[in-house]
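Asker: I am attaching a structure below and will ask some questions about it afterwards.
Bear in mind these aren't lab numbers, they're just calculated from the coordinates by the rules spelled out. For clarity, every value in this text was computed on a predicted model and none was experimentally measured. We place every Cβ from the backbone using ideal geometry, glycine too, and count neighbours over all the protein chains shown.
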Amino acid sequence: MYETVKFLHSYWAYLVLLMLVIATFNALIKYFGNKEFGAFDFRISLFTLIVSHIQLLIGIVLFFAADYLTVISELGMGEVMKNSLLRSNIIEHPLTMIIALVFITMGYSKHKKKLTSKPKFKSFAIFYTLALILILAKIPWQVWLTK
């Protein structure tokens, strides 16, 4: 089960990254271009929100399938924090990705309260850009680039 969930988590991440890049650049371009917010923009932002939440769920299953709680209880948190690979997999990557997902959710939620296009795009531009920066910072590139 672990290998299947890991495979799914790794490859779904490409879709999340692609959608987040598209949604971010769409928001930035249309914000600075003073464009109108339309159905296409809504769909891009909604699909980005959906695929990122699915990725979170897959990641949570992976976290428990990897049995990291046993690793923490056997080694202790001090040893986990000393080991860069364990620290990254158990603490840094999950926490950073959850924060990025909070930004995506905030951007999506805030846009619904705006009545005109410019503030809608501004919401997406700010929060999706922050999420993209966090995700790019904590993607395990050494694993992705060796596939």
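Asker: Which of the residues spanning segment 1-15 are surrounded by fewer than 11 Cβ atoms within 10 Å (Cβ to Cβ) and in contact (Cβ under 8 Å) with a residue 60 or more places away in the chain?
Answerer: Met1 - this is the single residue of segment 1-15 that is surrounded by fewer than 11 Cβ atoms within 10 Å (Cβ to Cβ) and in contact (Cβ under 8 Å) with a residue 60 or more places away in the chain.
Asker: Of all residues in segment 26-52, which are under 17 Å from Thr129 (Cα atoms) and surrounded by 15 or more Cβ atoms within 10 Å (Cβ to Cβ)?
Answerer: Asn26, Ala27, Leu28, Lys30, Tyr31, Asp41, Ile44, Ser45, Thr48, Leu49, Val51, Ser52
Asker: Among the residues of segment 111-147, which ones are among the hydrophobic types (A, V, I, L, M, F, W, C) and part of a loop (DSSP other than H, G, I, E, B)?
Answerer: Leu115, Ile139, Leu145
Asker: If I ask for residues that are surrounded by fewer than 18 Cβ atoms within 10 Å (Cβ to Cβ) and over 16 Å from Gly59 (Cβ atoms), which ones from segment 101-121 would you list? Explain how you work it out, then say what you get.
Answerer: Going through segment 101-121, the residues surrounded by fewer than 18 Cβ atoms within 10 Å (Cβ to Cβ) turn out to be 102, 105-106, 109-110, 112-119.
Passing the criteria: Met106, Ser109, Lys110, Lys112, Lys113, Lys114, Leu115, Thr116, Ser117, Lys118, Pro119.
Asker: Next question. Within segment 16-57, count every residue that is hydrophobic (A, V, I, L, M, F, W, C), under 26 Å from Lys122 (Cβ atoms), part of a helix (DSSP H, G or I) and in contact (Cβ under 8 Å) with a residue 40 or more places away in the chain.
Answerer: Residues meeting the conditions: 10.
Asker: Whether any residue in segment 90-110 is farther than 21 Å from Lys6 by Cβ and not in a helix (DSSP H, G or I) is what I want to check.
Answerer: Of the residues in segment 90-110, the ones farther than 21 Å from Lys6 by Cβ are 99, 102-110.
From what is left, the residues that are not in a helix (DSSP H, G or I) are none.
No: zero hits.
Asker: While we're looking at this one, here's another question. Condition test on Ile98, is it under 21 Å from His9 (Cβ atoms) and surrounded by fewer than 18 Cβ atoms within 10 Å (Cβ to Cβ)?
Answerer: Yes; evaluated as a whole, the condition is true for this residue.
Asker: Within segment 71-78, is even one residue assigned to a loop (DSSP other than H, G, I, E, B) and within 21 Å of the chain's Cα centre (by Cα)?
Answerer: Scanning segment 71-78, I find no residue that is assigned to a loop (DSSP other than H, G, I, E, B) and within 21 Å of the chain's Cα centre (by Cα), so the answer is no.
Asker: Output the number of the condition that Ile72 fails; it satisfies all remaining conditions of (1) more than 22 Å from Leu15 (Cα to Cα); (2) exposed (fewer than 15 other Cβ atoms within 10 Å of the Cβ); (3) of a type in the set (Val, Ile, Thr).
Answerer: (2)
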